[in-house]
Every structure is written in C-alpha cells, then in structure tokens.
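The values are calculated or read from the model by the stated rules, or taken from the named source; none is laboratory data. Keep in mind the model is a prediction, meaning the values are calculated, not measured. When we count neighbours, we look across all protein chains shown, and the Cβ atoms used for this are built from the backbone with ideal geometry, even at glycine.
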C-alpha cells in the first residue's frame, strides 16, 4: 500500500507541476523516489505541523495542489483547527495523508497511535475521509483525492496486510466495495475499513461463510443508499475498524441505519480507551479485542442476544 | 441578504482619510452594537498606507489573480479592513448600516468568503502561516506579488507564528512582510503583564528577518519603512514593528482595554464621533 501511495504521488506530481508534497519531517524512505523524481515539488516544513497546514492553505490559495503528509496522530488530529479554518472552510484542494493510523506504532505508545482521527475529520464540513484497505484501493483513493473538488483526509493504516482485491479496483467516491458476495437470505453482513477488511474476510471465511463482506474506503461521503440496502437485508450488520467505536465507520452505519433502515448494528473497534501496554501490532489488536478470536466471540454473543 | 455585493468596476478614488475610516468603524460598531473597537483603531493608519500606496489590486478587483495579499491574521481588527473596503468601493453603505443584522454576511471576525478578506481568522496564529504559504507559492511561481501578514502583539504568543518565522527565513521569503501591531494590550491586560514580549524587533531579527520599528500612526513613517524594507537587497523576510495605541483617535478609548469589550451607547458614540472629527487629519 505504501508503494502504491508513493507511486501515485510521483505520477500525479510529474503530470502536474502544481502538485507539492509537504511533510512535517516524516516519511524518510517513503519519499526517496519522490525526492529523486520531483525535487522541486518537495517541501520539508520541519517539525512544525500547525504552520505546515496553514502554509498548505496559502499554497492552495495561490494555485498549488498540496499533499500534506504526517503521522495520523498529528495530521489530522494535532492540526484539526488549521484544517477546519484554513483549509476546509473554503474547500481548498489540499489532501492530508495521515500515516500509521490505528496501532501501527504499537511499541511507541499513545502519542503515535491514532484511533480518533476519523471521528475528528468527518465532523468537519467540506472534508472527505478516505480509508483504503490495500494498494489497489490506495491507488484509487489517490486519484479520487486529486480529482475531488474539496479537501480530503486520506487515512493510511497498517499497510502490509495483503491485497483484498485481486486486481486494480477503481471506484467512485462514496462507493462501498463488495469483497465477498453474500449467500441469499443470510442474516449477517460485515462492513470494514482499512486494515480490518482483511480481518473481516478472515472471520467470514472461517466462521460466516455465507456472509457478505464490504470494504468501505470512502467513509465520507458514503453511499447511504447502499448502506441502507445492506441494513434492510440483514438482521445484524457488523462493522469492524481499527478506530474508536465513537465517531468512526460503525457510527456512520449506525446513524444511517437508525434513520433509514433500523437493524442491529454491532460496532467493533476501540472501546473508548487508550492502549495500556506495548508489543507487536498483533499484540495490540489482541489487547483491544480486535484479533479474530475476540471478534468472533463478540459477534457470536451479539447475535445470541448476550451482549 | 447579500449586503456586500461587489462593485469591481468602480475605480478607487479614495485617499483613505483616517478620520473617515474611524468614523466608518464607529458607525458600524454602533449600528451592530459590537466590540473590538480599540484593536481596529490601532491599525487604521497601517491599513490606510497599505491600501493607498502598496497593495496592488489589478482592475480594483479583490480577487485578481495577480494581486498582493494582505492577510489580517489578527481578525479582531476586521472593522478597520471593512472601512478600507468601503473606500475601495468593495462594500456598499448598506453593509455598514446593517452590520450584524440577521442574515448579513460581514462578521465580527475576518471571513475569507468575503472578497477582499484573505483568511478566516480570529483564532489567532493562523493567518501568519497562510501568508507564509502564499509567499512561498508566489515565489515558486516566479511572480513579483507581495504578501503582508498583519498580526497583533498578543497574537505572537501563538507558537505557529514562530514556526512560520523559521520557515520564512530558511526559504528566504523576501516577498513576505509581517506587520506587528504592537499596541501593548491583549485580551486580559497589558502584554507586559500577561506574557512579556521583550523586544519584538530583536526577536524577529534573531529569527532571520530584516526588521524596522516605527510609530504605527505616522503615515509617512509607515510608508517610508515599507519602501525601505522592500528596497533592501537582503533575501530575508521582512518585519515591521508598529508601535501603536489601542483605541487611537478617541481619547477616552486610548490605552483603555475596556474598548476591546465595550459596546457604544448613544452618548459614547456621539462623544467618539466628535473626538474623531476633531482629531488631526
């Protein structure tokens, strides 16, 4: 996924000299290719994220197309007010790329873990929120972000969980992508975003072979009609994300369901808590109950009416 | 209601008479029963000189692509900028008599959706960085456009100001000028009592700026200093430290921070108008 990101960025920058990459002194090896291919379009703004976002607004106002890169703990969370006032307020064409979302920096603790970024970003008007699951979705998201008439937050989480799509998968902003077709009249549907799409497929293949699975790379805007259709057809809709259950994709689905197609929505994500310990990425998923066994257990109890 | 409809074809004939501009601010503050009079009065001369002699708006169009940029980072002084925009014919009289009416679009702080206002400010420490970005962008494009960021002295408590100052100096943004309205007050009192700023000129110089300090109400001195800074051969970004008086022009408002918060009543409005009318041109 990171290679897809880097390739897309280089391609966009070579095609349009107005594309600029601003980084807050992050992305050491990630931008080797960009710096080699487009050195004049690379700006290291230093360890000064607030100023970097304000500058991106100024650059966009005079005609440039800035991509602003940082860790998702900082972009968008640390600079949320700059995004709101300086950028999104006027639909400036700035793309914010938040890397390492969720528990990617599993050993580094709370400062580098971001499980509130979707909730923060999606409440800001004029700001689209994209969350690709694999390299193919990333390529499509970069194209969407560049074409979008407004500001974009692109969330990049755990990037090495393999492909969920066998082939390149262009899509329209808002679209849900089926990654496993449901059997007729099945009771459970699973929606997931980012890193958790792989997990959703693992759970479905091992425990719910009839269930359909959808990847949701566009959290805002989202095709409400399709979400409502899924809710109408299933007694239980399970939503999995490496993000807080407050304000993320689970909330999006629950909000749509409650207004348009009431059904039982199980939000599986981070349950309003910080990580206590450190360890591998998979250790932290386990700590937060986001490993396959824990998730299957939660789904089973929910379906049985026990939780 | 869109009271601020533009008249871009109307050429500027204004001399930016500071008496007229102060009266405009008083009229709108009284009409809208608004606050922030003192911090508008401290920048009247600065804005008059900038609009009269320095800012370039081809075709008198506030959205002209090749314009210079004036970023009012201290959005609280926006009434002074509205007064200039009236002089330019960008705002009509109804916008002033109807200030703060329900459904009107001129707000108590700068809103970038109004042509002529470059940023949405009021949350402090934002406009400076946006201005640095504009200066960087016009430098990359190779134009001769200039960017001014007008900040308050209280505002430079904010960290992003100094983040942006480092960046502007590192990238030799000689097309960028910060103007500090050093009126000595911030919301809760004197700057020297809240967060002592020391020598602001020396601070910007130590960050790599070429800086001058002037009397911010002496129009000739302001004009000369701006010309001198732009004429410099140095590639450093520029800083103009303007020593000003909060509430300047109305004796009972001068150096009195209550006029950051107080609304005019009939009596104080009449007295303020008389003071402005009687002051030296």
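Numbers for the structure displayed
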item	result
Residues satisfying the stated conditions in region A:64-90, i.e. part of a loop (DSSP other than H, G, I, E, B) and closer than 18 Å to residue A:243 by Cα	A:72, A:73, A:74, A:75, A:76, A:77, A:78
Hits in region B:120-140 (condition: more than 7 Å from chain A (Cβ to nearest Cβ) and surrounded by fewer than 24 Cβ atoms within 10 Å (Cβ to Cβ))	B:122, B:124, B:139, B:140
Restricting region A:64-81 to residues that are out of contact with any strand residue (DSSP E or B) (no Cβ under 7 Å at 6 or more places or on another chain) and touching a residue at least 40 places away in the same chain (Cβ under 8 Å), the residue that is farthest from residue B:167 (Cα to Cα)	A:80
Matching residues in region A:216-232 - criterion: being assigned to a helix (DSSP H, G or I) and touching a strand residue (DSSP E or B) at 6+ places or on another chain (Cβ under 7 Å)	A:230, A:231
Region A:28-58: number of residues that are at the interface with chain B (Cβ under 7 Å from one of its Cβ atoms), in contact with a strand residue (DSSP E or B) (Cβ under 9 Å, 6 or more places away or on another chain) and farther than 19 Å from residue A:146 by Cα	1
Odd one out for residue A:61, checked against (1) crowded, with 21+ Cβ neighbours inside 10 Å; (2) within 13 Å of chain B (Cβ to nearest Cβ); (3) touching a residue at least 40 places away in the same chain (Cβ under 8 Å)	(3)
Tally of residues being under 17 Å from residue B:112 (Cα atoms) and surrounded by 13 or more Cβ atoms within 10 Å (Cβ to Cβ) across region B:53-68	6
The lone exception for residue B:262 - which of (1) modelled with pLDDT under 95; (2) buried (at least 19 other Cβ atoms within 10 Å of the Cβ) it fails	(2)
Failed criterion for residue B:81 (all others in (1) more than 11 Å from every other protein chain (Cβ to nearest Cβ); (2) surrounded by fewer than 20 Cβ atoms within 10 Å (Cβ to Cβ); (3) within 25 Å of residue B:45 (Cβ to Cβ); (4) in contact (Cβ under 8 Å) with a residue 12 or more places away in the chain hold)	(2)
Options A:104, A:197, A:152, A:213: the member that is part of a loop (DSSP other than H, G, I, E, B) and modelled with pLDDT of 95 or more	A:104
Enumeration of residues in region B:147-178 that are within 22 Å of residue B:67 (Cβ to Cβ) and within 12 Å of chain A (Cβ to nearest Cβ)	B:147, B:149, B:164, B:168, B:171, B:173, B:175, B:176
Test: residue in region A:274-283 that is at positive phi and at pLDDT 95 or above	yes
Of all residues in region B:223-239 being in contact (Cβ under 8 Å) with a residue 40 or more places away in the chain and not in a loop (DSSP other than H, G, I, E, B), the one that is nearest to residue B:145 (Cα to Cα)	B:230
Test: residue in region A:101-112 that is without any contact (Cβ under 8 Å) to a residue 60 or more places away in the chain, more than 19 Å from the chain's Cα centre (by Cα) and either within 21 Å of residue A:161 (Cα to Cα) or within 11 Å of chain B (Cβ to nearest Cβ) (or both)	no
Number of the condition not met by residue B:149 [criteria: (1) under 16 Å from the mean Cα position of the chain (by Cα); (2) over 25 Å from residue A:63 (Cβ atoms); (3) surrounded by 24 or more Cβ atoms within 10 Å (Cβ to Cβ)]	(2)
Qualifying positions in region A:226-253 - surrounded by 20 or more Cβ atoms within 10 Å (Cβ to Cβ) and out of contact with any helix residue (DSSP H, G or I) (no Cβ under 9 Å at 6 or more places or on another chain)	A:234, A:250
Residue satisfying condition, being at pLDDT 95 or above and buried (at least 18 other Cβ atoms within 10 Å of the Cβ), within set B:237, B:251	B:237
Hits in region A:75-92 - residues which are away from chain B (no Cβ under 11 Å) and surrounded by fewer than 22 Cβ atoms within 10 Å (Cβ to Cβ)	A:77, A:78, A:80
Verdict on residue A:124 being touching a residue at least 40 places away in the same chain (Cβ under 8 Å) and either buried (at least 23 other Cβ atoms within 10 Å of the Cβ) or away from chain B (no Cβ under 14 Å) (or both)	no
Exclusive hit being more than 14 Å from chain A (Cβ to nearest Cβ) and at pLDDT below 95, set B:187, B:202	B:187
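This table checks each residue for (1) over 14 Å from residue A:239 (Cα atoms); (2) surrounded by fewer than 20 Cβ atoms within 10 Å (Cβ to Cβ); (3) touching a residue at least 40 places away in the same chain (Cβ under 8 Å); (4) in contact with a helix residue (DSSP H, G or I) (Cβ under 7 Å, 6 or more places away or on another chain).
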| residue | (1), (2), (3), (4) |
| --- | --- |
| A:174 | yes, yes, yes, no |
| A:181 | yes, yes, no, no |
| A:184 | yes, yes, no, no |
| A:191 | no, no, yes, yes |
| A:194 | no, no, yes, no |
| A:197 | no, no, yes, no |
| A:203 | no, no, yes, yes |
| A:209 | yes, yes, no, no |
| A:212 | no, no, no, no |
